[in-house]
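Mind having a look at this structure? Questions to follow.
Every number here is computed from the coordinates shown, using simple stated rules; none is lab data. A quick note: this is a predicted structure, and the numbers were derived from the prediction, not measured. Note that each Cβ is placed from the backbone with ideal geometry, even for glycine, and that neighbours are counted across all protein chains shown.
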Amino acid sequence: GAGVSQSPSNKVTEKGKDVELRCDPISGHTALYWYRQSLGQGLEFLIYFQGNSAPDKSGLPSDRFSAERTGGSVSTLTIQRTQQEDSAVYLCASSRGTPDEQFFGPGTRLTVL
Amino acid sequence: AQTVTQSQPEMSVQEAETVTLSCTYDTSESDYYLFWYKQPPSRQMILVIRQEAYKQQNATENRFSVNFQKAAKSFSLKISDSQLGDAAMYFCASLAGGTSYGKLTFGQGTILTVHP
């Protein structure tokens, strides 16, 4: 079956604009994760969903970041009033449950000018 | 809290030779999992191998094997018969039990170059 998909693949935005990043997990996977990969900070956990609820939001860097998941499937990560330090690759992963292998999507490269 | 450390920013190996990538970790959990992920230039993270902490036997997947030293909190990856397609960034990661079951904690990564 299809793997994890993310859209857009690349996003260039201006400082202060809002952006939405989308993740489609593997069908049937109940757990979904967002990570951020940047040169300075490496790979960081942002948020984890089990079904539609988020038991762990500890990695969200500020209140400008939010995420939701609907129907136990698609998830959207929203960054409001983007800043240059938000520039990074945002990776989404899903798994059948926890703990289990996490399958990653190809990521969205966000560039904030 | 979990920490994962990869002390080798870059490694290189000749095609068909063997290379070992190092990883150390720290955790207060008794139940945890360890992983090696590969990230080629395409950005797609691919699971290479996993190890459950409660298993004493080292995991093996074809040319990839680990040396899991639980007391030393060490988890190295050995790649045998290296191939050009093995060139990538390799990340060591931990997944702990308790309330942290959701998230992977990654090391800084090791860039592996394979020379023909």
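Does B:Phe91 satisfy being of a type outside the set (Ser, Thr, Tyr), within 14 Å of chain A (Cβ to nearest Cβ) and assigned to a strand (DSSP E or B)?
Against the criterion (of a type outside the set (Ser, Thr, Tyr), within 14 Å of chain A (Cβ to nearest Cβ) and assigned to a strand (DSSP E or B)), B:Phe91 qualifies.
For the condition surrounded by fewer than 21 Cβ atoms within 10 Å (Cβ to Cβ), under 15 Å from the mean Cα position of the chain (by Cα) and among the polar types (S, T, N, Q), what is the one hit in A:Thr108, A:Thr98, A:Thr78?
Details: A:Thr108 fails: surrounded by fewer than 21 Cβ atoms within 10 Å (Cβ to Cβ); A:Thr98 fails: under 15 Å from the mean Cα position of the chain (by Cα).
A:Thr78 is the lone residue from the list that is surrounded by fewer than 21 Cβ atoms within 10 Å (Cβ to Cβ), under 15 Å from the mean Cα position of the chain (by Cα) and among the polar types (S, T, N, Q).
Okay, residues lined up against (1) touching a residue at least 24 places away in the same chain (Cβ under 8 Å); (2) not β-branched (Val, Ile, Thr):
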| position | (1), (2) |
| --- | --- |
| B:Glu10 | yes, yes |
| B:Val13 | yes, no |
| B:Val19 | yes, no |
| B:Asp26 | yes, yes |
| B:Asp31 | yes, yes |
| B:Trp36 | yes, yes |
| B:Gln44 | no, yes |
| B:Ala93 | yes, yes |
| B:Gly102 | no, yes |
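Answer with yes or no whether B:Ser65 is more than 14 Å from every other protein chain (Cβ to nearest Cβ), more than 24 Å from A:Leu91 (Cα to Cα) and either within 11 Å of the chain's Cα centre (by Cα) or not in a loop (DSSP other than H, G, I, E, B) (or both). Step through it out loud before you land on a result.
Numbers: more than 14 Å from every other protein chain (Cβ to nearest Cβ): yes; more than 24 Å from A:Leu91 (Cα to Cα): yes; either within 11 Å of the chain's Cα centre (by Cα) or not in a loop (DSSP other than H, G, I, E, B) (or both): yes.
Yes.
While we're looking at this one, here's another question. From the list B:Glu15, B:Glu10, B:Glu61, B:Glu29, exactly one residue is within 24 Å of B:Thr113 (Cα to Cα) and in contact with a helix residue (DSSP H, G or I) (Cβ under 8 Å, 6 or more places away or on another chain). Which is it? Give the steps one after another, and end with the answer.
Values: B:Glu10 fails: in contact with a helix residue (DSSP H, G or I) (Cβ under 8 Å, 6 or more places away or on another chain); B:Glu61 fails: in contact with a helix residue (DSSP H, G or I) (Cβ under 8 Å, 6 or more places away or on another chain); B:Glu29 fails: within 24 Å of B:Thr113 (Cα to Cα).
Every option except B:Glu15 fails the conditions.
Counting only residues that are at the interface with chain A (Cβ under 8 Å from one of its Cβ atoms) and not β-branched (Val, Ile, Thr), which one in segment B:38-54 is surrounded by the most Cβ atoms within 10 Å (Cβ to Cβ)? Step through it out loud before you land on a result.
Going through segment B:38-54, the residues at the interface with chain A (Cβ under 8 Å from one of its Cβ atoms) turn out to be B:42-47, B:50.
If we keep only those that are not β-branched (Val, Ile, Thr) too, we end up with B:42-45, B:47, B:50.
Details: B:Ser42: 10, B:Arg43: 18, B:Gln44: 18, B:Met45: 28, B:Leu47: 15, B:Arg50: 18.
In this case the residue turns out to be B:Met45.
Can you give me the number of residues within segment A:85-113 that are touching a Leu at 6+ places or on another chain (Cβ under 8 Å) and away from chain B (no Cβ under 13 Å)?
Within segment A:85-113, residues that are touching a Leu at 6+ places or on another chain (Cβ under 8 Å) and away from chain B (no Cβ under 13 Å) number 2.
Since A:Pro8 meets every condition but one in (1) more than 15 Å from the chain's Cα centre (by Cα); (2) more than 11 Å from chain B (Cβ to nearest Cβ); (3) surrounded by fewer than 15 Cβ atoms within 10 Å (Cβ to Cβ); (4) of a type outside the set (S, T, N, Q), which condition does it not meet?
The number of the failed condition is (1).
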